[in-house]
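Okay, so here's the structure we're looking at.
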Amino acid sequence: ADDRALFSLNLSAELAAVSADPELIALQRRLQDALLQDQLSLVFQPIFDIHSLHLHSAEALLRWRHPELGEVSPARFIPVAERSDLILELGRHVLSRAAAQIADWRRQGLEPVPVAVNVSGSELKQCDFADQIGGVLKEYAIPGHLLRVEVTEHGLISDFARATANLRAAGELGLGIALDDFGTGYSSFRYLRHLPIRALKIDREFVAGVDVDARDQRIVRAMVALAHSLRLKVIAEGVETESELATLRRLRCDYVQGFLTGRPMPAAGFAALLGARGCGG
Ligand code: C2E
Ligand code: MG
Ligand code: MG
Ligand code: MG
């Protein structure tokens, strides 16, 4: 409890500092405009079976191209959006764009793979979170299993009960749920116990250099054992070299995502990947 008090103290100090920062306020305003002026788009990064390298799914990642600032990284603007309700608008935008894209691929005669969207903690606090998902599934006439949700441990801390209820409801709509950036957040075991999770995504922090770092190998091995004993799949994130891939195979990871096997790409590029699959995909 002391830790938690200390944490929220730090957090509010941080928030106070941020709201006084004119540069961040300006960025927030620009982001609001970005939504209105359609400067935001999604790119799709392929996730492959680590052994067969068959296409398994995609992660949708938000991109912002500002006319003067150029490309702004989500690592920069998502935290800014998270300071206000802007993140809720962004979240709805991403969800509906992802569903629209899936529907579009189907119209092109392609058989889409599931697309995972990243969901922030504050989105999980909304009472109508599952209704929003149900709404887009209906609007774009796609089955729930073609959408997935990625949540971070960090995103879950503030209203665990509500987040759990929302993720369960999403699960009932057919969505698979993955715990993102696994190993970098708080009290993971509690989440594993209560959430209807289907996969763990091992953060790049443990993946980069895993081929040469014996300690990272032991950590990944333990994460995989934990995941598999709970019947969860393991996705290794941020794989950049053949040697990391070989090591992660040996450590029994199930899926691979990274610059080595495919960078995040626009929908048209991803359509080519979908089209290139053998019969039945
Ligand atoms: P994330 O969900 O963990 O996404 C994976 C990040 O790793 C992406 O960064 C991706 O481009 C990057 N990545 C993939 N493979 C490699 C690799 O081999 N090497 C390296 N160095 N990086 C790799 P990105 O697109 O910049 O996104 C950063 C973070 O921003 C995401 O981390 C996620 O937390 C957040 N984000 C992105 N899009 C959204 C969104 O639509 N909604 C929300 N709430 N957050 C988002
Ligand atoms: Mg993610
Ligand atoms: Mg991640
Ligand atoms: Mg990350």
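Of 137, 146, all but one fail to be more than 18 Å from the chain's Cα centre (by Cα), open to solvent by less than 70 Å² (accessible area, probe 1.4 Å), more than 16 Å from ligand 1 (Cβ to nearest atom) and not small (Gly, Ala, Ser); the exception is 137. For residue 201, the criteria (1) within 15 Å of the chain's Cα centre (by Cα); (2) charged (D, E, K, R); (3) in a helix (DSSP H, G or I) hold in every case but one, which is (3). Annotation: residue 77 fulfils all but one of (1) part of a strand (DSSP E or B); (2) touching a Phe, Trp or Tyr at 6+ places or on another chain (Cβ under 7 Å); (3) within 16 Å of ligand 2 (Cβ to nearest atom); the unmet one is (1).
Only one of 228, 194 is under 20 Å from residue 56 (Cα atoms) and open to solvent by 60 Å² or more (accessible area, probe 1.4 Å); which? Unique residue meeting the criteria: 228. Selection within segment 149-174: residues that are acidic (Asp, Glu) and open to solvent by less than 30 Å² (accessible area, probe 1.4 Å). The member of this set that is nearest to residue 57 (Cα to Cα) is 150. Within segment 198-213, restricting attention to residues that are more than 15 Å from residue 226 (Cα to Cα) and open to solvent by less than 50 Å² (accessible area, probe 1.4 Å), the residue that is nearest to ligand 3 (Cβ to nearest atom) is 203.
Restricting to segment 235-273, what's the tally of residues that are touching an Asp or Glu at 6+ places or on another chain (Cβ under 9 Å), among the hydrophobic types (A, V, I, L, M, F, W, C) and open to solvent by less than 30 Å² (accessible area, probe 1.4 Å)? Adding up the residues that qualify gives 7.
Residues are listed down the side, and each one gets a yes or a no for (1) free of Cβ contacts under 8 Å to residues at least 60 places away in the same chain; (2) open to solvent by 20 Å² or more (accessible area, probe 1.4 Å):
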| position | (1), (2) |
| --- | --- |
| 51 | no, yes |
| 59 | no, no |
| 67 | yes, yes |
| 86 | yes, no |
| 91 | yes, no |
| 98 | yes, no |
| 105 | no, no |
| 110 | no, yes |
| 117 | yes, no |
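The values are calculated or read from the model by the stated rules, or taken from the named source; none is laboratory data. This structure is a prediction, so every number in the text was calculated from the model and none was measured. Backbone-built Cβ (ideal geometry, glycine too); neighbour counts: all protein chains shown. The protein model used for the area step is the full one, side chains on, heavy atoms only, and it has no ligands, DNA or RNA in it. Shrake-Rupley method; radii C 1.70, N 1.55, O 1.52, S 1.80 Å.
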